[in-house]
Structure formats: structure tokens, C-alpha cells
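First comes the structure, then the notes that go with it.
The values are calculated or read from the model by the stated rules, or taken from the named source; none is laboratory data. Fair warning: this is a prediction, and the values are worked out from it, not measured in the lab. Virtual Cβ from ideal backbone geometry, glycine too; neighbours counted across all protein chains shown. Note: accessible area is taken over every heavy atom of the protein model, side chains too, but ligands, DNA and RNA are not part of it. Shrake-Rupley method; radii C 1.70, N 1.55, O 1.52, S 1.80 Å.
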Amino acid sequence: QGAAARIAAYNPSARIVYVVRHPLERIPSIWMQHRGEPRTRMSADFAASLRERPDIFIDGSNYQLQLDVYREHFPEEQLKVLFFEDFRRDPAAVLDPIVRHAGLEPIDWSDTQTRWNPSEGKRADAAWLKGLRRSRVRRMFRLVKRVPGLDRGARWLRQRSATPVEKPSWDPRSRQWVVDQLQEPTAAFLASIGEDRWDVARW
């Protein structure tokens, strides 16, 4: 809360880059991200998570809502919206406009194939380890991190006991609930930036 106002107060000429992704692709991805974090409290039930955390899944995917907050503090020419799908297809073609938008010198993007933070390979902590993190012995973890040998052992134990985070499947009821929440604001968002994609009417 208040981040846009603080940015504007610090630097009213700031250039804002906002990268968006198809909401129905972003939501499973962000669920996997949270499930793979050590201190997550995200439910293992994807459908239940959607309704338990609408701030993450619905508000976070309501791009019109998010961008309007920045429009209150910055003129349109200081805001640039980019699409993750475009970046995934041709990174350099997306990064060049960012550089120009920021007023920077051109950059050589010849080495842009590295994948950072991929969904594949994420693992969720075992239930017993999550319980320990929330118990009174959680301070023990801070001490373990300070001892190199113990730290390596703790990481090994976490990896051995963790379970892979699988990409969730949409059940029809949950998918329709999300569509009902996001279909109209997504259409308004795309219209506001002059884009015609994602075929919102056919969700």
C-alpha cells in the first residue's frame, strides 16, 4: 500500500515498467512460486488457495486496478506496459524498448537465453518442517544458518524431504469464478492501452 505515492515522492520523473501475463497463466504460476517458498503458508489445494488469498490471485491479476494506482501519480508517457508472452518469444525485442523508455544507452542482448526462476524444479517443504518453522524452536534455524556445516546439512535435509510442486489444473468451477472476477477489468485494461489480445470474450 502506498508504494506508487512513495515512488512519486522520491522521484516524480521515474519511468515505470509494468510487465503483465495472461491472468489464467499467471495465477497457477504465482501459486507454484508461493508453494516453493520455505516459509509459505499457501495451501496445497490450488482451488482453495484462490478463494483464501484473493489479494494475491485476483487483485494481483487485475492489471487495471494495479496500473490505475500509478496513473494517479505519473503521466501516461512515464508508464510502459509490456507483455510477458512477448518477452518469452523474443527477449531482446522487449528489452530494447525498456532501455529506451529508461533513457539508457543501448545494451547488447546477445546472451538472453538464461531462464531465471523457472516453474520446473520448485519443491515444497515437508509438513513437519513447516511445523518446526512456526514453532518455538524456529530460532534454531537462525543459529543453524550461522554454522557452515550445519547450514549445508539443513539444506540437504530440506531438499531430501521436500516434494515437487506440480503445475495445478483448473477445475471448471474455480476457473469460472476467476473469469467472473477478472474478465471485465482485463478487457478494460487492454482497451486502456490499445491492445487487442488474450481474446477475453472467449475465456
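See the values below:
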read-out	value
Members of region 65-104 found to be closer than 15 Å to Ile16 by Cβ and in contact with a Phe, Trp or Tyr (Cβ under 8 Å, 6 or more places away or on another chain), listed by number	Gln66, Leu67, Tyr70, Leu79, Lys80, Val81, Leu82
Single residue of Leu65, Leu79 found to be surrounded by 14 or more Cβ atoms within 10 Å (Cβ to Cβ), in contact with a strand residue (DSSP E or B) (Cβ under 7 Å, 6 or more places away or on another chain), of a type outside the set (Asp, Glu) and under 15 Å from Phe189 (Cα atoms)	Leu79
Those residues of region 11-50 which are surrounded by 14 or more Cβ atoms within 10 Å (Cβ to Cβ), among the charged types (D, E, K, R) and outside any loop (DSSP other than H, G, I, E, B), in sequence order	Arg26, Arg35
Residues located in region 1-51, provided they are charged (D, E, K, R) and under 17 Å from the mean Cα position of the chain (by Cα)	Arg21, Glu25, Arg26, Arg35, Glu37, Arg39, Arg41
Number of positions in region 155-203 that are of a type in the set (A, V, I, L, M), modelled with pLDDT under 95 and open to solvent by less than 40 Å² (accessible area, probe 1.4 Å)	3
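Table: residues versus (1) modelled with pLDDT under 95; (2) among the small types (Gly, Ala, Ser); (3) in contact with a helix residue (DSSP H, G or I) (Cβ under 7 Å, 6 or more places away or on another chain).
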site	(1), (2), (3)
Pro12	no, no, no
Ile30	yes, no, yes
Phe57	no, no, yes
Leu65	no, no, yes
